[in-house]
1. So is THR187 within 20 Å of the chain's Cα centre (by Cα), assigned by TED's automatic domain parsing to the domain that holds LYS98, of a type in the set (S, T, N, Q) and modelled with pLDDT of 95 or more or not?
2. Which one is nearest to PRO214 (Cα to Cα), of the residues in the range 104-133 that are in a helix (DSSP H, G or I) and open to solvent by 70 Å² or more (accessible area, probe 1.4 Å)?
3. Select, from ASP55, ASP82, ASP97, ASP110, the only residue that is under 21 Å from VAL201 (Cα atoms) and either of a type in the set (S, T, N, Q) or more than 12 Å from the ligand (Cβ to nearest atom) (or both).
4. Being of a type in the set (Asp, Glu) and over 14 Å from the mean Cα position of the chain (by Cα) is the filter here; which residues of the range 12-70 pass it?
5. Name every residue in the range 15-55 that is open to solvent by 40 Å² or more (accessible area, probe 1.4 Å) and closer than 20 Å to THR187 by Cα, in order of residue number.
6. What number of residues within the range 162-202 satisfy the criterion of being out of contact with any helix residue (DSSP H, G or I) (no Cβ under 7 Å at 6 or more places or on another chain) and of a type outside the set (Gly, Ala, Ser)?
7. Quick one: is ALA30 outside the structural domain of ARG211 (by TED's automatic domain parsing) and of a type in the set (Gly, Ala, Ser)?
8. Could you please give the count of residues in the range 60-79 that are open to solvent by less than 40 Å² (accessible area, probe 1.4 Å) and within 10 Å of the ligand (Cβ to nearest atom)?
Amino acid sequence: MTLLEFPHSHYCEKARWALDYKGIPFKAVAILPGLHMITVRKYAPDTSVPVLLSDNEVVQGSSDIISYLEQKYPSHSLTPTDADQRQTCLEIEHAMDKRLGENIRRVLYDGLLAYPEFMRYCFTHPMPNVKQLFFRIMYPMLRYKIYKTYVVSAVKVARARREFDVAMSEIEQTLKQRKYLVGERFTRADLSVASMLSLLVMPAEHPFPWREIPNPKTRIFLDEYRDHPVSEWVRKMYQDHRLNQTLMGSPIR
Ligand SMILES: N[C@@H](CCC(=O)N[C@@H](CS)C(=O)NCC(=O)O)C(=O)O
């Protein structure tokens, strides 16, 4: 089984975590941004990663990958059996993939695109030197494309910060006096929300060897949430449930 990915991506982490949680052996293949469009389009209708290649099947998108794995490898289930709980679980996952995942991506790219070496590290950490060089050459074009796609404008970044904060408060409310978002055990809702927040919390158990954030303003943004109850909860989810990680080299920090 192969997972096409960008190593630092929170959506890729979500798919990777589900594979690791179920103990399914797989090969994570990091692909170069820009060129990824050609690679991914060979297999799937859209250009985005993660993409899972399994036997003759192709599954694109983190939620579809989890659903596929749940059906094909039912043990270590991530989905409640109760219909209402299952529905709630999927609603949280889909809403928070956007409200947490898309908003934090916008805020972080806004702060970090001006740091080419940091961006190169995030995208190419496990790759050979020749690909890293290729990334450096392509970076001005990639930066423009990433800005246009994911950052867009200062107004959108400001709105993303507000929406992110509201979503964090809602998750905090849901978790009041509870260990998990839905029911009494770890589900895909917990896995998804914790993955979306992996970029905020950078948990030690995450397989990507994080590096120090170069932009002081972005560090301030991250620090604001360091002791947030939801950040504490993400750390706990990683400690308790992020086992058997696919390693990506030794930590640098
Ligand atoms: N809803 C998708 C979102 C995936 C996504 O946004 N992937 C980004 C990386 S974080 C991507 O591949 N962007 C490049 C592209 O779409 O061509 C999922 O859950 O997998």
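The values are calculated or read from the model by the stated rules, or taken from the named source; none is laboratory data. Computed from a predicted structure; not experimentally measured. Counting neighbours? That spans all protein chains shown, and the Cβs are built from the backbone with ideal geometry, glycine included. Side chains included, ligands, DNA and RNA excluded: accessible areas come from the protein's heavy atoms. Shrake-Rupley method; radii C 1.70, N 1.55, O 1.52, S 1.80 Å.
1. yes
2. If we take residues in the range 104-133 being in a helix (DSSP H, G or I) and open to solvent by 70 Å² or more (accessible area, probe 1.4 Å), then GLU117 is nearest to PRO214 (Cα to Cα).
3. From the options ASP55, ASP82, ASP97, ASP110, the qualifying one is ASP110.
4. ASP20, ASP46, ASP55, GLU57, ASP64, GLU70
5. If the condition is that a residue be open to solvent by 40 Å² or more (accessible area, probe 1.4 Å) and closer than 20 Å to THR187 by Cα, then TYR21, GLY23 are the ones that fit.
6. 13
7. Taking the combined requirement at face value, the residue satisfies it.
8. Residues flagged as open to solvent by less than 40 Å² (accessible area, probe 1.4 Å) and within 10 Å of the ligand (Cβ to nearest atom) within the range 60-79 amount to 6.
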